[in-house]
Amino acid sequence: MSTATVSQTVRAQQELQITRVFDAPRELVWKAWTDPDQMKLWFGPRDFVARNLTAEARPGGRWRNCLHSDGFDTGDGEKRRLDLWQGGEYLELVEPERLVFTFHWEEGTGLPEHDTVISITFEEKNGQTTMNFHQTFFVTEEDRDGHMKGWNSSFDKLNDLLREVSYGG
């Protein structure tokens, strides 16, 4: 019999953890993650808009989205139009405290096409919500770091939306 272990370094390379505190009640943050009309307003990095977003937030339900940009910076000084399709399946929903779903880039995006699992917990204290976001397992550090950049930009948009909803603009 043999045993395999994963070193802390390898595990850290394969996982992404982001914690954000939003100045909004947990129910609003939950709704922003589970209501397709709300998701369309923030889902995707700043240079992208969510197009054709569908989400059936229930265990076994599917979600799908097209991240669209008319001026994506390719890094060589050129800007181009870009559509990146992504999707997954909802695995667990415990309203309003825990959400688990799969994430994958669809074929043809040029991005890694393996599934990752996203687990999010929401904790409320004094009218603020702490969101603990965890995504695993990445094949490369580059893939993980790309997701970290994209999600953080998305969470900035989510924060803007929650401020608008909470304070009326």
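Counting other beta carbons within 10 Å of each residue's own, what order do Lys157, Lys79, Lys125 fall into, fewest first?
So the residues, fewest neighbours to most, are Lys125, Lys79, Lys157.
What does the helix-only formula give at 222 nm for the chain: each DSSP H stretch with n ≥ 4 adding -39500 (n - 2.57), the total divided by the residues, and the result rounded to the nearest 500 deg cm²/dmol?
The per-residue figure over the chain is -8500 deg cm²/dmol.
If I model a spin label as a point 7 Å beyond the Cα along the Cα-Cβ vector, how far apart are those points for Thr109 and Val21 in nm?
3.2
Please report, in debye to the nearest 20, how large the charge dipole of the chain is about its Cα centre when each Lys and Arg carries +1 at its beta carbon and each Asp and Glu carries -1 there. Each step should come with its number before you reach the end.
Values: 19 positive and 29 negative charges, 56 e Å.
Dipole about the Cα centre, nearest 20: 260 debye.
Place a +1 charge on the Cβ of each Lys and Arg in the range 37-85 and a -1 charge on the Cβ of each Asp and Glu, then give the dipole magnitude about the Cα centre in debye, rounded to the nearest 20.
Using only the charged Cβ atoms, the result is roughly 260 debye.
Identify all lysines with a Cα-Cα distance to Lys40 below 21 Å; exclude those on the same chain that are fewer than 8 residues away in sequence.
Filter leaves Lys31, Lys149, Lys157.
Would you list which aspartates and glutamates come within 12 Å of Lys79, measuring only between C-alpha atoms, while excluding same-chain residues fewer than 8 positions from it?
Asp47, Asp70
Which of Leu53, Val21, Val139 sits farthest toward the positive end of the charge dipole of the chain, with +1 on the Cβ of Lys and Arg and -1 on the Cβ of Asp and Glu?
Towards the positive end, the residue furthest out is Val21.
Every number here is computed from the coordinates shown, using simple stated rules; none is lab data. This structure is a prediction, so every number in the text was calculated from the model and none was measured. Note that we place each Cβ from the backbone using ideal geometry, even for glycine, and neighbour counts take in every protein chain shown.
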